[in-house]
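Okay, structure first, notes after.
The values are calculated or read from the model by the stated rules, or taken from the named source; none is laboratory data. This one's a predicted model, so the numbers in the text were calculated from it and none came from an experiment. Cβ atoms come from the backbone with ideal geometry, glycine included; neighbour counts cover every protein chain shown. For the accessible areas, the whole protein counts, side chains as well, though only heavy atoms, and no ligand, DNA or RNA atoms are used. Shrake-Rupley method; radii C 1.70, N 1.55, O 1.52, S 1.80 Å.
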Amino acid sequence: MKQDFGRVAVVMGGISGEREVSLISGKAVLEALQSQGVDAHAFDPASEPLEALRAFQRAFIILHGGYGENGAIQGALEIMGIPYTGPGVMASAIGMDKFRTKLIWQAVGLPVPECVMLDDGSDFEAVERRLGLPLFVKPACDGSSIGVFMVSKPGELKSAYEAARRHGDLVMAEKGIVGGEYTVGILGNKALPIIRIEPATAFYDYEAKYLRDDTRYICPADLSSAKTAAIQADAQKAFNILGGTGWGRVDFLMDEAGRYYFLEVNTAPGMTSHSLVPMAAKVAGLSFEELVLNVLYFANPMSKQQDWE
């Protein structure tokens with residue numbers, strides 16, 4: 001894995017609502033790369049022109065949300081001919097849109113929670129009856145659980161919609177699946193160990209993800225070897241069908257009968273002290289430094305689907 005990656009831009013920060021998390025992730029990635037002798041430098045597109053990226057040979061994208069995961073920065077880098085980490089333009093754009101991701105997954109037979117798209121004219125009482133309670137309301141094109149609300153009492157859906165609407169134009173209501181929250185990381189063409197997430201809050205919200213220390217993570221998850229293998233295979237399929245390459249993370253839920261439902265894909269996963277891919281990679285035998293080197297290695301288009309080392 002030791003090789004000359006050239007001058008590497010660690011693209012972090014940006015202008016989305018996840019800027020602060022991105023900066024924390026980016027700092028960790030930058031320090032890990034530099035500790036391994038990589039000529040890595042911080043690059044914040046909120047304060048530097050994208051044209052300045054031409055001075056780099058590779059880009060490690062650790063922008064979260066907005067222009068970092070919707071294909072915009074990926075397209076700019078492709079125009080400049082600069083290899084970058086993570087999925088390409090199409091996969092990033094689709095992965096950022098939870099609704100269209102669901103449509104594709106449904107088309108290939110992957111299980112997803114039932115959902116209804118909302119607007120100002122929706123019959124909110126009818127949606128509550130159809131999906132049952134609890135249900136979740138979320139912007140379709142945001143991440144880190146920003147603008148996500150749990151509706152547990154009749155009549156609360158409209159106000160939850162109005163609150164979520166402030167975070168994006170597309171808002172969806174999703175059937176609550178309450179048997180457990182899980183995630184599986186993807187690195188190259190391998191699925192990492194599954195993590196079960198047990199938040200102390202009502203669900204795995206922004207606070208539980210980044211601010212609290214009482215969220216429990218069980219890795220590997222307490223699942224049978226057969227179920228683990230089936231979920232990992234389907235998670236890899238879910239990632240690949242969107243055009244995912246390099247690395248990513250697929251989140252899923254389990255109901256009380258043990259059936260699993262895929263929720264969303266993350267095309268630039270977090271790399272903070274609370275983040276999930278580093279946890280799973282550690283269980284798989286990869287240090288944080290080895291993980292970031294592998295992710296950077298897959299920025300080479302010729303190696304994006306090879307095994308990690």
| query | So, in Å, what gap is there between the alpha-carbon centers of segment 25-74 and segment 269-299? | reply | 16 Å
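Pull out the extension gain between K190 and R129, defined as 0.36 nm times the separation in residues minus the alpha carbon to alpha carbon distance; nm, one decimal.
On the way: separation 61, 0.36 × 61 = 21.96 nm, distance 4.01 nm.
Difference between extended and current length: 18.0 nm.
Order the following by accessible area, largest value first: D214, D97. Probe radius 1.4 Å; ligands, DNA and RNA are ignored. Please list the in-between numbers first.
Numbers: D214 65, D97 15 Å².
Ranking D214, D97 by accessible area, largest first, yields D214, D97.
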| task | Round to a whole angstrom and tell me the spacing of the C-alpha centers of segment 7-23 and segment 134-174. | result | 25 Å
| note | Expressed to two decimals, segment 35-88 has a Cα Rg over Rh, using the Kirkwood radius, of 0.93
| request: Quick one: work out the % antiparallel among DSSP beta bridges in the chain, nearest 5. | output: 75 percent
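In whole percent, and with a 1.4 Å probe on the protein chains, what portion of the accessible area of segment 49-112 is carbon and sulfur?
Values: 1540 of 2440 Å².
With neighbouring chains kept in place, the figure for segment 49-112 is 63 percent.
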| request: Starting from the Cα-Cα distance between S273 and H167, subtract it from 0.36 nm times their residue separation and give me the gain in nm to one decimal. | output: 35.6 nm
| note | Under a Gaussian network model of the chain whose springs join Cα atoms within less than 10 Å, the largest fluctuation of I104, I241, I79 belongs to I79
| remark: Expressed in square angstrom to the nearest 10, the accessible area of Y217 with a 1.4 Å probe stands at 60 Å²
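Any chance you could run the full-extension gain for K27 through I15? It's 0.36 nm times the residue separation minus the Cα-Cα distance, nm to one decimal.
Full extension from K27 to I15 adds 2.7 nm.
Using r as the Cβ-Cβ distance of V108 and I218, and R0 as 30 Å, what FRET efficiency do you calculate, to the nearest 0.05? Walk me through the intermediate numbers first.
On the way: r = 29 Å, r/R0 = 0.96.
Step by step, r from the Cβ atoms, then E = 0.55.
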| Rounded, prolate or oblate: which fits segment 210-261 when a ≥ b ≥ c are the square roots of the eigenvalues of the alpha-carbon gyration tensor, with rounded for a/c under 1.5 and prolate only if a/b beats b/c? | oblate
| Can you give the convex hull volume of the alpha carbon atoms of the chain per residue, in Å³? | 126 Å³
| request: For each pair in K98/K175; K102/K237; K175/K227; K190/K227; K153/K175, compute the distance between the two Cα atoms and list the pairs where it is over 20 Å. | output: K175/K227
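With a ≥ b ≥ c taken as the square roots of the eigenvalues of the C-alpha gyration tensor of segment 1-55, please select rounded if a/c is under 1.5 and otherwise prolate if a/b is larger than b/c or oblate if it is not?
Values: a/c = 3.39, a/b = 1.42, b/c = 2.39.
Because a/c hits 1.5 or more and a/b fails to exceed b/c, segment 1-55 counts as oblate.
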| Förster-model FRET efficiency, 30 Å R0, D39 and K282, C-beta, rounded to 0.05 | 0.70
